[in-house]
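The values are calculated or read from the model by the stated rules, or taken from the named source; none is laboratory data. Owing to the predicted nature of the structure, the values given are computational and were not obtained by experimental measurement. Glycine also receives a Cβ, built like all others from the backbone with ideal geometry; neighbour counts cover every protein chain displayed.
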Amino acid sequence: MTRFFAITRAEMLILRRNRWLLVATLIMVLFALALTFAGSAPTGTLGVDMLTVSVASMTTLSVYLAPLLALMISFDAIAGDVDRGSLALLLSYPAGRGEILLGKFTAHLAALAFAMTVGFGTAGAVAAWFGGAGPESLTALARLILTSILLGAVFLALGYLLSALARGATAAAGLSAGLWLVFVVLYDLGLLGAVVMDQSGTFTRSVFPWVMVANPADAFRLWNIAATEGVAMASGMTGAAQALPAWAAPASLLIWPVLGFVLARAAFRRVEP
Amino acid sequence: MTDKALTIRHVCKDRGKTRVLSDIDLTLAPGERVALLGHNGAGKSTLIKSILGLIPVESGTIRVGDAVPGSASARRDTAYLPEAVSFHPALTGREQLTLFARLSGERADVPALLDRVGLSDALDRRIGTYSKGMRQRLGLAQVLLGRPKVALLDEPTSGLDPISRQDLYAIIDELAGQGTAVLIASHALTEVEARTDRIAILRKGVKVADDTLANLSELAGLPIKLRVRASENADALAAELGGSRVNGASVELLCSPADKMEALRRIAAMGEAVADVEMAPPKLEDLYRHYAREALQ
């Protein structure tokens, strides 16, 4: 247990020292505030409070930012130590590989959680102050923060996987960029294309929602949208959410971090320092 | 139970189709300092990583004390200094060493350890600002954590200036003095010459020699080199002594250790014709060349 904490503490120190924590938090605050003010126009027409609209905009933001911020820390986690020659030394100490990976994961997740909570929290507070908030929109905000952290956890684990598989940190960075593009952009484009080709056939009605929810980024979106009527209205995405049972999106978003971590652990086992 | 700190028996290791370690036998007693010599790619680092349990071997056994490499107790009992090690540039020397101390489960006096390797001024500076030699010394400081049974040093002198090399060997002696068996992999032959109890030579994954320096010299039967400087006529001197002329004024001749005194007497008998005599016993470099070549045939 002390070994696990030792790794976590050192990783936290690194994130603070190299300004990652500061920069990530700043990015989150700025983007969330910008979206909150820019997205405050339709409040009157939809009949929902400003915080609800703000949460809907920030959901879209988080789909892009949470995976990106997570991959920015995690790609270096194993490949960087291999490059520096310090992995062999680290592994010559009595800490196991699982312990090392879990220690890094804990530190990185804590940093992400901090950035998310401060960023979305600030924007939420501002929106509530200027445009009012109800119990429902406050729950939506809490849900947004929690699911964003989960989404970050998915991409942290996937980043470790790539970091263990890649030859060197530069290659890992490249693979991470590719992974981000596939999950966040290309996957949806591909699905959109399939739906257009299918013209409301069986694929669109029964297969498509499941394929969609299998992607953690889309599961994140669906979870946030399906749970709050107001957010769904504000984001204009209700169709796909209604076709699935309520547990589908949460299940996907909860299984992915575990699956990713198991895969990363298996890949790390095969790394020869 | 074994009284050896490190036992290696019939270890073989393949990389693809090439055999990188072939039937290696090596034992280290507590407090013994052994140099592991070989060219780049001779298998030194591979052997060290096998001892650490970082890479699996095809056959043979390795034991640290009685423990299997990679086991919790073997990891506790080994200290390792990787070749040209680097650390995360964002941490300070103190933070990095504290991490290692916590990982090893030792209560260590981190400032004292860093002082021991001459880094007390750089204690709270980021490792990113360290020179190569300073990083190497930080690596050495973590070797001193706890009381390892075996210390494995991979090219410990690379990047060190002559003065810190002296410090390095003082630290190695200190480790040996507390009962740690020290294995030093190196290709800087002249440095390990006087500083180790035993020398093992690896050549393309095969151990070609393993003995004390004196025994190795005797076994090799390498000649002693005598360089005689003539006062006037070097050609006449060469004809008289039977050696070869190396430059305008000097003659070089080789003789076996047994014939050394006889040769010196002959030179002394030539009186005024000789201006100076230099005698060079075989160096580790010559020995190394001898054993490496012998294996080739």
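Among residues of region B:86-120 being touching a Gly at 6+ places or on another chain (Cβ under 6 Å) and surrounded by fewer than 20 Cβ atoms within 10 Å (Cβ to Cβ), the one that is nearest to A:D83 (Cα to Cα) is B:P89.
Listed residues B:R126, B:R94, B:R147, B:R76; which is touching a Ser or Thr at 6+ places or on another chain (Cβ under 8 Å) and more than 8 Å from chain A (Cβ to nearest Cβ)?
Numbers: B:R126 fails: more than 8 Å from chain A (Cβ to nearest Cβ); B:R94 fails: touching a Ser or Thr at 6+ places or on another chain (Cβ under 8 Å); B:R76 fails: more than 8 Å from chain A (Cβ to nearest Cβ).
Only one candidate passes the filter, namely B:R147.
Name the residue that is nearest to A:A113 (Cα to Cα), counting only residues in region A:145-197 that are touching a Pro at 6+ places or on another chain (Cβ under 6 Å) and of a type in the set (G, A, S). Among residues in region A:145-197 that are touching a Pro at 6+ places or on another chain (Cβ under 6 Å) and of a type in the set (G, A, S), the one nearest to A:A113 (Cα to Cα) is A:A153.
A quick yes/no check of all residues on (1) of a type in the set (A, V, I, L, M); (2) more than 29 Å from A:G121 (Cβ to Cβ); (3) in a helix (DSSP H, G or I):
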| site | (1), (2), (3) |
| --- | --- |
| A:A140 | yes, no, yes |
| A:T147 | no, no, yes |
| A:L192 | yes, yes, yes |
| A:T204 | no, yes, yes |
| A:F208 | no, yes, yes |
| A:F220 | no, no, yes |
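Filtered by the rule that a residue be away from chain B (no Cβ under 14 Å), closer than 26 Å to A:V258 by Cα and among the aliphatic types (A, V, I, L, M), region A:103-131 gives A:L109, A:A110, A:L112, A:A113, A:A115, A:M116, A:V118.
Taking region B:50-68 as the region of interest, how many residues are more than 8 Å from chain A (Cβ to nearest Cβ) and either among the aromatic types (F, W, Y) or surrounded by fewer than 21 Cβ atoms within 10 Å (Cβ to Cβ) (or both)? Looking only at that region, the number is 11. Among the residues of region B:18-49, those that are basic (K, R) and within 16 Å of B:I199 (Cα to Cα) comprise B:R33, B:K44.
Mind checking which residues of region B:27-49 are among the hydrophobic types (A, V, I, L, M, F, W, C) and buried (at least 21 other Cβ atoms within 10 Å of the Cβ)?
So the first thing to find is which residues in region B:27-49 are among the hydrophobic types (A, V, I, L, M, F, W, C), and the list is B:28-29, B:34-37, B:42, B:47-48.
Matches in region B:27-49: B:L28, B:V34, B:A35, B:L36, B:L37, B:A42, B:L47, B:I48.
Quick one: would you say B:S158 is hydroxyl-bearing (S, T, Y) and touching an Asp or Glu at 6+ places or on another chain (Cβ under 8 Å)? Answer is yes for this residue. Apart from one condition, A:K104 fits all of (1) farther than 30 Å from A:R270 by Cβ; (2) surrounded by 19 or more Cβ atoms within 10 Å (Cβ to Cβ); the exception is (1).
In the set (1) within 14 Å of another protein chain (Cβ to nearest Cβ); (2) closer than 21 Å to A:E272 by Cβ; (3) of a type outside the set (S, T, N, Q), the condition left unmet by A:F75 is number (1).
Screening the candidates A:G159, A:G119 for the property of being among the small types (G, A, S), surrounded by 18 or more Cβ atoms within 10 Å (Cβ to Cβ) and in contact with a Leu (Cβ under 7 Å, 6 or more places away or on another chain) yields one hit, A:G159. Of the set (1) within 17 Å of the chain's Cα centre (by Cα); (2) buried (at least 19 other Cβ atoms within 10 Å of the Cβ), all apply to B:Y130 but (1). Summed over region A:62-86, residues that are touching a Gly at 6+ places or on another chain (Cβ under 8 Å) and not aliphatic (A, V, I, L, M) total 4.
Residue pairs whose Cβ atoms lie under 9 Å apart, sitting 6 or more positions apart in sequence or on different chains, and linking a residue in region A:251-272 that is away from every other protein chain (no Cβ under 14 Å) to a partner that is of a type in the set (D, E, K, R), are A:S252/A:D218; A:R265/A:R97.
Go through region B:190-225 and count every residue that is part of a helix (DSSP H, G or I) and within 22 Å of B:P257 (Cα to Cα).
Of region B:190-225, the ones part of a helix (DSSP H, G or I) are B:190-192, B:213-220.
Those left that are additionally within 22 Å of B:P257 (Cα to Cα): B:190, B:213-220.
Matching residues across region B:190-225 total 9.
Scanning for something under 15 Å from B:S86 (Cα atoms) and surrounded by fewer than 20 Cβ atoms within 10 Å (Cβ to Cβ), does region B:141-154 turn up at least one residue? Taking every residue of region B:141-154 in turn, none turns out to be under 15 Å from B:S86 (Cα atoms) and surrounded by fewer than 20 Cβ atoms within 10 Å (Cβ to Cβ). Taking region B:226-245 as the range and being over 34 Å from the mean Cα position of the chain (by Cα), under 13 Å from B:A273 (Cβ atoms) and part of a strand (DSSP E or B) as the test, the residues that pass are B:R229, B:A230.
Within region A:1-20, residues that are more than 13 Å from A:F105 (Cβ to Cβ) and facing chain B (nearest Cβ under 7 Å) sit with their Cβ atoms under 7 Å from residues that are of a type in the set (D, E, K, R) and part of a helix (DSSP H, G or I), at 6+ positions apart or across chains, in these pairs: A:T2/B:R102; A:R3/A:E99; A:R3/B:R102; A:A6/B:R102; A:A10/B:E95; A:L13/B:E95.
Residue by residue, here is whether (1) within 28 Å of B:R195 (Cβ to Cβ); (2) in contact with a Cys (Cβ under 6 Å, 6 or more places away or on another chain); (3) exposed (fewer than 11 other Cβ atoms within 10 Å of the Cβ) holds:
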position: B:R227; (1), (2), (3): yes, no, no
position: B:A236; (1), (2), (3): no, no, no
position: B:A239; (1), (2), (3): no, no, no
position: B:G243; (1), (2), (3): no, no, no
position: B:V251; (1), (2), (3): no, no, no
position: B:M261; (1), (2), (3): no, no, yes
position: B:M270; (1), (2), (3): no, no, no
position: B:P281; (1), (2), (3): yes, no, no
position: B:Y291; (1), (2), (3): yes, no, no
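None of A:A133, A:A140 is within 20 Å of A:L35 (Cβ to Cβ), touching a residue at least 12 places away in the same chain (Cβ under 8 Å) and buried (at least 24 other Cβ atoms within 10 Å of the Cβ) except A:A140.
With the structure loaded, tell me whether A:L91 is facing chain B (nearest Cβ under 8 Å), within 21 Å of A:A266 (Cβ to Cβ) and modelled with pLDDT of 90 or more or whether it fails that test. Before you say what the answer is, go through the steps one by one.
Numbers: facing chain B (nearest Cβ under 8 Å): yes; within 21 Å of A:A266 (Cβ to Cβ): yes; modelled with pLDDT of 90 or more: yes.
Yes: the conditions hold for A:L91.
Listed by first and then second residue, the pairs linking a residue in region A:187-214 that is free of Cβ contacts under 8 Å to residues at least 12 places away in the same chain to a residue that is hydroxyl-bearing (S, T, Y) and surrounded by 10 or more Cβ atoms within 10 Å (Cβ to Cβ), with Cβ atoms under 9 Å apart and 6 or more places separating them unless they lie on different chains, are A:D198/A:T204. Which of the residues spanning region B:100-123 are modelled with pLDDT of 90 or more and within 12 Å of another protein chain (Cβ to nearest Cβ)? Scanning region B:100-123 gives B:F100, B:A101, B:R102, B:L103.
Restricting attention to region B:177-216, the residues being surrounded by fewer than 20 Cβ atoms within 10 Å (Cβ to Cβ) and more than 14 Å from the chain's Cα centre (by Cα) number 7.
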